[in-house]
Amino acid sequence: MSPPLQPDPAEPTVFLVGAGPGNPGLLTVRAAEVLARADLVLHDQLVPLRLLDVANPAAEKVCVRDLPGTHPDKYPHIHEMLIRYARAGKTVVRLKGGDPLVFGRGGEEAEALRTAGVGYEIVPGVTAALAAGAFLEIPLTHRNYASAVALVTGHELPNKPGNRLDWKALAAFPGTLCIYMGVARLPVIVAELLKHGKNPDTPAAIVERASTGEQRAVYARLADLEPARRNAGLEAPGLIVVGDPVAHRPAAAWWESRPLFGRRVLVTRPAHQAAGMVRRLEHLGAVVSQMPTVEIRPPADPAPLDRALAEVRDGGWDWLVFTSANGVHAVVRRLDELGRDLRDVGRVKFAAIGPKTADALREYRLRADVVPAETFSSEGLAAALAPHVAGHRVLLARANRGRDVIRVELAKVASVVGQVTTYDQTDTAAPDPGVLDALRRGEIRYVTLPSSRIAENLLAGFDDTIRGRVERGEVKLVAISPETGGAVRRLGYPVAAEATTFTIDGLIDALIRLVREEGTEHHP
Ligand code: SAH
């Protein structure tokens with residue numbers, strides 16, 4: 001589903017949006033729609049920056065942390081900014097963790113907008129309590145154990161002026177208590193509940209970062225919750241859950257059993273191609289960092305491609321061979337820029353190096369005539385194609401750099417083998433210092449390497465500290481193919497795992513196998 005390209009003039013200009021608990025999959029469709037066309041995204045500090053990936057790339061992104069004032073004196077500035085941008089005709093998304101109306105002061109912001117005569121829409125989000133229920137597998141209500149759920153703030157201290165919480169009523173509440181913002185005051189909260197008669201044996205939990213790969217939880221009887229928290233080193237912010245349903249969870253929650261749960265993985269694909277891989281890793285439970293080392297651009301000089309496309313149109317070539325999905329998209333894009341269309345390549349046969357490249361053709365309703373059955377490499381493609389091209393004229397659509405294997409192999413059988421650059425792969429200027437630091441500290445454990453070129457670029461930026469971690473196996477390199485593995489070993493680094501199917505999915509499968517093997521090493 002794609003959002004409307006033009007804003008609807010009848011729509012409001014400010015959206016008070018819940019971002020959910022942190023897992024990007026829990027952003028609502030509506031939230032993604034309005035983010036995609038925002039001019040300003042004003043987000044809370046706790047909203048993971050990753051969620052801003054779906055926002056309009058041209059949007060101004062401002063964190064409330066950077067506004068003047070300190071809590072609660074920030075609020076006049078937040079309200080002022082929303083109103084000022086709305087009046088200037090901008091589409092504004094005010095993005096908050098969880099749900100905007102659950103301890104999010106969304107009600108106050110809506111009121112300020114109403115008073116100013118600014119139209120708004122409220123987009124609900126998955127609140128922390130619901131995320132904790134789903135991702136820890138605690139049934140918040142249960143026919144036998146809990147007939148109600150209370151969302152409670154742990155921020156209001158008992159015996160302090162302005163406190164509106166009735167701890168006696170909460171201690172007697174016939175259901176599950178979900179206490180927000182309470183971790184720093186846990187001893188007081190537990191003491192109040194016990195003082196008012198709550199059973200000290202009531203099952204309880206604290207969870208931080210529920211729904212993400214960084215989720216951590218502790219469980220204890222209510223009376224022991226604070227020492228359990230301290231032992232586990234859990235700090236605020238976190239959610240406290242108190243009630244019998246906490247005991248009715250499985251030994252291992254589905255989320256924490258995901259194959260890559262909690263594993264820190266580096267994705268090095270070019271930024272515009274990384275989304276699918278990042279999403280799949282996140283869904284497997286991984287905590288993903290990104291550092292692209294190459295970028296894909298249209299060829300610096302398009303003239304050779306234009307000439308080649310004209311030759312294809314005029315019947316000068318029998319086969320057009322694609323060695324990447326990028327090449328397919330580049331050819332179609334260039335035809336479009338030239339005011340031409342797919343009929344220009346309508347009579348040639350197509351070969352694709354692997355399933356993703358064939359899928360790229362399918363996006364344009366084109367079928368690859370040849371795709372290797374199993375080995376998705378230059379060698380595999382040359383072997384699959386050789387029987388088909390004897391005496392034929394073969395044009396290779398390729399990147400500005402890469403290996404020469406296909407040309408050399410096909411030249412043995414084809415009558416002519418030509419090559420044309422359809423896109424340029426260029427090195428990204430500077431590696432991300434934050435990611436390099438995380439590698440130095442050993443925080444990122446797995447580095448995925450989807451091509452030799454990317455591997456060479458990345459490893460060139462490693463210093464002795466990172467090299468030492470790789471050599472000791474504290475940082476592990478996972479290669480998409482033996483060819484990429486070879487490139488890594490030639491640079492003197494060990495390869496922890498190699499894919500057996502040379503695709504991104506194959507690379508992820510190799511990572512899953514590696515993690516599984518490590519698991520059995522640790523618990524034989
Ligand atoms: N509007 C948010 C709550 C904001 S108050 C919502 O609906 O979830 C901030 C508190 O929310 C934190 O102190 C913590 O108690 C809780 N919280 C938010 N996201 C959380 C998460 N992913 N895991 C655990 N607690 C979370």
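For the chain, what is one quarter of the convex hull surface built on the Cα atoms, given in nm²?
About 29.9 nm², averaged over all directions.
Which trypsin sites (Lys or Arg not before Pro) from region 429-523 combine a DSSP loop assignment with at most 14 other Cβ atoms within 10 Å?
Arg441, Arg472
For region 493-508, take each phi angle, set θ = phi - 60°, evaluate the Karplus expression 6.51 cos²θ - 1.76 cosθ + 1.60, and give the result in whole Hz per residue in order, putting x for glycine and proline.
Listing the rounded values in order: 9, x, 9, 7, 7, 10, 5, 9, 10, 8, 9, 4, 5, x, 4, 5 Hz.
Considering only DSSP beta bridges whose two residues both sit in the chain, what percent are antiparallel, to the nearest 5?
Within the chain, antiparallel bridges account for around 30 percent of the total.
Using a/c under 1.5 as the rounded threshold, could you call region 121-210 rounded, prolate or oblate? The axes a ≥ b ≥ c are square roots of the C-alpha gyration tensor eigenvalues, and prolate needs a/b larger than b/c, oblate otherwise.
oblate
Between Lys74 and Ala411, what FRET efficiency comes out of the Förster formula 1/(1 + (r/R0)^6) with R0 = 51 Å and r the beta carbon distance, rounded to 0.05?
0.15
Dipole size in debye (nearest 20) for region 129-248 around its Cα centre, Lys and Arg Cβ +1, Asp and Glu Cβ -1?
Dipole of region 129-248, to the nearest 20 debye: 220 debye.
Name the aspartates and glutamates eligible as straight-distance cross-link partners of Lys61: C-alpha to C-alpha under 15 Å, and not fewer than 8 places from it in the same chain.
Candidates past the 8-residue exclusion: Asp39, Asp44, Asp53.
Given +1 on the Cβ of Lys and Arg, -1 on the Cβ of Asp and Glu, and no further charges, what dipole in debye does region 186-342 carry about its Cα centre, rounded to the nearest 20?
For this selection, approximately 480 debye.
Please turn the phi angles of region 87-93 into ³J(HN,Hα) values with the Karplus equation 6.51 cos²θ - 1.76 cosθ + 1.60 (θ = phi - 60°), one per residue in order, whole Hz, x for glycine and proline.
Rounded to whole hertz, the list is 5, 7, x, 8, 8, 10, 10.
For region 277-293, what does the Karplus curve 6.51 cos²θ - 1.76 cosθ + 1.60, with θ = phi - 60°, yield as ³J(HN,Hα) per residue in whole Hz, taken in order and with x for Gly and Pro?
Couplings: 5, 4, 5, 5, 4, 4, 5, 7, x, 6, 9, 9, 10, 10, 8, x, 10 Hz.
For Arg84 paired with Leu49, estimate the spin-label separation in nm (one decimal), with each label point 7 Å from Cα along the Cα-to-Cβ line.
My value for the distance between the label points is 2.4 nm.
Rounded to the nearest 500, what is the chain's calculated 222 nm mean residue ellipticity when only DSSP H runs of at least 4 contribute -39500 (n - 2.57) each, over all residues?
-9500 deg cm²/dmol
Cα centroids of region 361-426 and region 114-183: how far apart, whole angstrom?
60
Could you sort the peptides 417-425, 337-345 by per-residue average Cβ neighbour count (10 Å cutoff), highest mean leading?
In decreasing order of mean packing, 417-425, 337-345 become 417-425, 337-345.
Loop only by DSSP, 11 or fewer other Cβ within 10 Å of the Cβ. Give me the GluC sites (Glu not before Pro) in region 463-524 that pass, ordered by residue number.
Within region 463-524, no GluC sites (Glu not before Pro) qualify (loop, at most 11 other Cβ atoms within 10 Å).
Counting DSSP beta bridges in region 137-229, what percent are antiparallel, to the nearest 5?
60
Summing Lys, Arg as +1 and Asp, Glu as -1, what charge do residues with Cβ under 14 Å from the Cβ of Leu130 carry, Leu130 excluded?
Residues close to Leu130 contribute a combined charge of -2.
Among Ala86, His71, Gly106, pick out the residue whose Cα is farthest towards the positive end of the charge dipole of region 14-125, where Lys and Arg carry +1 and Asp and Glu carry -1 on C-beta, about the Cα centre.
Farthest towards the positive pole: Ala86.
Classify region 14-125 from the C-alpha gyration tensor, please: rounded if a/c falls under 1.5, else prolate or oblate depending on whether a/b exceeds b/c.
Note, shape of region 14-125 comes out rounded.
Looking at region 14-125 only, what percent of DSSP beta bridges run antiparallel? Nearest 5 please.
Antiparallel: roughly 5 percent of the beta bridges in region 14-125.
Using 7 Å Cα-to-Cβ label points, what is the Glu363/Arg279 separation (nm, one decimal)?
It works out to 1.3 nm between the two label points.
To the nearest 20 debye, what is the magnitude of the charge dipole of the chain about its Cα centre, counting +1 on the Cβ of each Lys and Arg and -1 on the Cβ of each Asp and Glu?
Taking the Cα centre of the chain as origin, the dipole is about 260 debye.
No value in this document is a laboratory result; all are computed from the given coordinates. All of these numbers come straight from a predicted model, not from anything done at the bench. All Cβ positions, glycine included, derive from the backbone under ideal geometry; neighbour counts span all protein chains shown.
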